[in-house]
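Okay, so here's the structure we're looking at.
The values are calculated or read from the model by the stated rules, or taken from the named source; none is laboratory data. These figures come from a predicted structure and were not determined experimentally. In this analysis, Cβ positions are derived from the backbone assuming ideal geometry, glycine residues included, and neighbour counts consider all displayed protein chains. We work out accessible area using only protein heavy atoms, side chains counted, and drop any ligands, DNA or RNA first. Shrake-Rupley method; radii C 1.70, N 1.55, O 1.52, S 1.80 Å.
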Amino acid sequence: VSKIFVPTVMAISVLTFVSWYIFGGENKLTYAFVNAVAVLIVACPCALGLATPMSLMVGIGKGAQNGILIKNAEALEEMHKINVLITDKTGTLTEGKPSLDNIETLENSDKNEVLKLSASLNQNSEHPLSNAVLNAYKKSFDSAQDDNFEKVESFENISGKGVKGIINQEEILLGNESLLNHFNINIPESLKLKINEKQNEAKTISYLAKAGKVLGFLSFSDNIKPTSKQAIELLQNQNIEVIMMTGDNENTAKAVAEQLGIKNFKANCLPEDKMNEIKRLQSEGKIIAMTGDGINDAPALAQANIGIAMGTGTDVAIESSEITLLKGD
């Protein structure tokens, strides 16, 4: 349309000038100039009508070239107004590829038993920590055969807390401290010092409990993405407040926040906690962007003014967002 429209308007303007110059009478030059300009002015709104969709198309196209999938024009316009960014930790600020570092047990517990029970439960979970446990189990027992796992009955994924199931007629729990609190299980004093040491090193802790008693814990490390600190600093320099909200424990969250220069963070967050915090900030007139990668982040991504999903994350997170970072960076 623009290929035809622009030359046509220019041609009509020139024709108007020539016509008035020939037939305009006494003040023909003035009339010719004024009416030629009038043609261009009348055509201006149409030019704007072309310019807006063209600029959006170019902007969205440039985003795609740089690995940023923008689903609609409204997201592109709204993103400019953002003044608060809420971000998940695992898989967003960190690489989301945790590895199992260590297993600590009570004196009367067996590390191999803890690992086997954990792996058996994690067969049915898609959480990044589950993959870390399964990989460690397969390396330890030098086998990838499913027959080596214990049979799990009544498996249940408790959102934001962990998993549970019945193995050999005993209830097995694997998850964070919130999971233990949910089932009124206390952490043994003999493990607490070791737990604090790991958490202060930014390790993520998962507890394994059998028949209402903690057998031990697994500690995981998940490296921070090389570009996360630079991105946080850039956003803060743009006067955008960055808040980290994670389901991880207080000590681990604090260690990661300090490394990245994030002043505001909240730990032990359930999916509804993230969503409610966004609602609270929106009620104060803030315009919120939320970035995350997991199933637990989906409600918050949908609630935020703009949801930004990692392309390396889950399908439901991508579906709930307006912008997807294809490379997860």
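Per-structure values
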item: Cα gyration tensor category, rounded, prolate or oblate, for segment 135-217 with a/c compared to 1.5; result: oblate
item: Translational diffusion coefficient (Stokes-Einstein; Kirkwood radius from C-alpha pairs) of segment 224-308 at 10 °C, 1.306 mPa s, in µm²/s; result: 119 µm²/s
item: Folded to 0 to 90 degrees: helix 128-141 orientation relative to the chain principal axis, Cα; result: 40 degrees
item: Counting all C-alpha pairs of segment 259-316, share separated by more than 18 Å (%); result: 35 percent
item: LYS28 accessible area, assembled protein chains, probe 1.4 Å, Å²; result: 80 Å²
item: Alpha-carbon Debye profile of segment 209-261, log10 I(q)/I(0) at 0.25, 0.31 Å⁻¹; result: -1.09, -1.27
item: Accessible area in square angstrom per residue, the chain, 1.4 angstrom probe; result: 55 Å²
item: Directionally averaged projected area (convex hull, Cα atoms, segment 1-71), nm²; result: 5.7 nm²
item: Beta bridge orientation in the chain: antiparallel %, DSSP, nearest 5; result: 65 percent
item: FRET E, pair GLU107, GLU272, Förster distance 45 Å, beta-carbon r, rounded to 0.05; result: 0.70
item: Folded to 0 to 90 degrees: helix 111-122 orientation relative to the chain principal axis, Cα; result: 40 degrees
item: Net dipole in debye of the chain [+1 Lys, Arg Cβ; -1 Asp, Glu Cβ; about Cα centre; nearest 20]; result: 1000 debye
item: Cα-based Rg of segment 11-138 normalised by 2.2 N^0.38 Å, two decimals; result: 2.43
item: Solvent-accessible surface (1.4 angstrom probe) belonging to THR30, in square angstrom, nearest 10; result: 90 Å²
item: Among ASN148, LEU40, GLY59 the positive-end extreme of the charge dipole of the chain (Cβ point charges); result: LEU40
item: Solvent accessible area, Å² - LYS254, 1.4 Å probe, full protein context; result: 100 Å²
item: Convex hull projection area averaged over all views, the chain, Cα basis, nm²; result: 23.2 nm²
item: Rounded FRET efficiency, nearest 0.05, which uses the C-beta distance separating ILE185 from GLU150 and R0 of 25 Å; result: 0.80
item: Stretchable slack from LEU234 to GLU26, in nm (0.36 nm times residue separation minus alpha-carbon distance); result: 68.5 nm
item: Computed lengthening from MET54 to SER19, 0.36 nm per intervening residue step minus Cα-Cα distance; result: 9.2 nm
item: GNM top mover of ALA38, ALA300, ALA47 - the chain, alpha-carbon springs below 10 Å; result: ALA38
item: Per-peptide average of other Cβ atoms within 10 Å, ordering 171-179, 14-22 highest first; result: 171-179, 14-22
item: Segment 234-329 - percent of accessible surface contributed by carbon and sulfur, probe 1.4 Å; result: 47 percent
item: Angle in degrees between helix 2-23 and the longest Cα principal axis of the chain, rounded to the nearest 10; result: 20 degrees
